């Protein structure tokens, strides 16, 4: 074999190596990215708190279900924003936050859902709005990490799934409080358009009886 043939053969081999490398490294990067994105998330241990006093909430309530919750939640959010613009609730404890409450129900698929504000008392409940009292119950509190403002709905679903599928079944001390009128609470604190939303997810629990 002459020198020219060797050079041509070597060049051909180098081209295959370059093509292989060009394909291999992006694929490896994509696999690593998918593992990081879709792999198991690490969740902080919940803080267990017991309310000292009941919490008073006024807002808009709707009846929803697991099947229609996302659609109903979006509709309720639009109504809530209109309510905020009209400044119907005058005795709020906090101007920059709101709360969403899933009420307990005998039917696991259907439940009442309220979005509103924490207030000092029920001395002024506007016509058409609902008032609920969250009793002094024990709650598991999970911080919710939000990647961006558009992803907080998905973030809530992730932490909710973690609670029911992982934390609760593995808890040796606590169980779901089936006597509480409230099942879940979402707390949102958004002080300015520029600040990151602070979110907390609460679930009513109680100590297991031995």
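Bear in mind these aren't lab numbers, they're just calculated from the coordinates by the rules spelled out. This is a predicted model, so every value here is computed, not measured. Please note: Cβ atoms are built from the backbone with ideal geometry, for glycine as well, and neighbour counts cover all protein chains shown.
Some points to look at:
- Residue in segment 129-146 that is loosely packed, with under 13 Cβ neighbours inside 10 Å and without any contact (Cβ under 8 Å) to a residue 24 or more places away in the chain present: no
- Looking across segment 95-123 at every residue that is over 21 Å from the mean Cα position of the chain (by Cα) and exposed (fewer than 14 other Cβ atoms within 10 Å of the Cβ), the one that is nearest to residue 77 (Cα to Cα) is identified as 95.
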